[in-house]
Amino acid sequence: MKVISLAANPRVLTKTIASKKLRNAGSLPGVVYGNGEPETVELEAKQFEKAVKSTVAKNFLVELDIKGKKSMALVQETQKNPLTNHFIHVDFKRLTKDSVVTAEVPLQPIGTAAGVQLGGVLQTPMHTITLKGKPADIPECIEPDISHLEVGQSILLEELVLPKGIVAIGQAKAQAFAVTTSRMMAKAEEEDAAAAAAAADGEVEGEAATKEGAKEADAAAGEKKKED
């Protein structure tokens with residue numbers, strides 16, 4: 001995972017009113033916790049939004065520069081204003097070189113499934129995946145190749161290829177991707193089955209009629225012999 005540099009300053013005022021004033025001034029309040037005492041900080045809101053847009057990972061690695069003191073941290077959680085969609089708070093987790101963290105990263109499939117090309121539908125039960133490992137080893141996203149998937153096939157969580165030292169958190173047999181039958185394919189299969197059944201019934205009826213005709217012919221021939 002790439003490291004994004006962010007500059008921050010210590011935050012003295014921590015009450016709700018003070019945080020509101022910070023936001024109105026274009027600053028974003030935050031807190032850094034873990035491996036020591038929690039530290040309240042403030043940083044430029046635009047700088048943080050730019051950092052978020054530069055990565056697809058929800059939890060990403062940053063180098064925090066707090067008044068010249070640099071430290072590694074992971075963006076652990078963010079809060080947004082539901083009306084403006086702007087960030088209003090951010091939590092950083094302070095890291096060491098030996099830290100092991102969990103991070104949520106997106107799943108971005110590569111290719112078009114073979115089953116989809118035949119009319120199937122790609123199902124994506126998982127849009128993100130939670131990974132555990134050293135921050136530097138966690139990728140920004142996981143990109144599995146789904147081009148081989150036929151209708152009825154799937155890729156399970158345990159089948160995803162991950163970097164060395166990284167493990168996925170979740171049920172091993174959970175489906176990450178699957179190709180299922182579309183409504184159109186299901187309807188076509190039903191129509192084919194109905195046509196096959198009708199054809200089979202026609203053949204049975206034809207055979208029965210042929211047998212019945214043969215019996216009647218035999219009976220007629222027997223009657224004729226008696227008359228002779």
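The values are calculated or read from the model by the stated rules, or taken from the named source; none is laboratory data. These numbers were taken from a predicted model, which means no experiment stands behind them. Cβ coordinates were reconstructed from backbone atoms using ideal geometry, including for glycine residues, and neighbour counts include every protein chain displayed.
Specify the residue that is nearest to Leu149 (Cα to Cα); the eligible residues are those in the stretch 86-110 that are under 15 Å from the mean Cα position of the chain (by Cα) and part of a loop (DSSP other than H, G, I, E, B). Please lay out each step first, then the result.
Narrowing the stretch 86-110 to residues under 15 Å from the mean Cα position of the chain (by Cα): 103-110.
Imposing the further condition that a residue be part of a loop (DSSP other than H, G, I, E, B) reduces the set to 108-109.
Details: Gln108: 15, Pro109: 12 Å.
Of everything passing the filter in the stretch 86-110, Pro109 is nearest to Leu149 (Cα to Cα).
What are the residues in the stretch 11-39 that are modelled with pLDDT of 90 or more and within 28 Å of Lys132 (Cβ to Cβ), if any?
Scanning the stretch 11-39 gives Leu28, Gly30, Val31, Val32, Tyr33, Pro38, Glu39.
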Next on the checklist: I need the full set of residues from the stretch 33-71 which are in contact (Cβ under 8 Å) with a residue 60 or more places away in the chain, in contact with a Pro (Cβ under 7 Å, 6 or more places away or on another chain) and surrounded by 15 or more Cβ atoms within 10 Å (Cβ to Cβ), in order please.
Outcome noted: Leu61
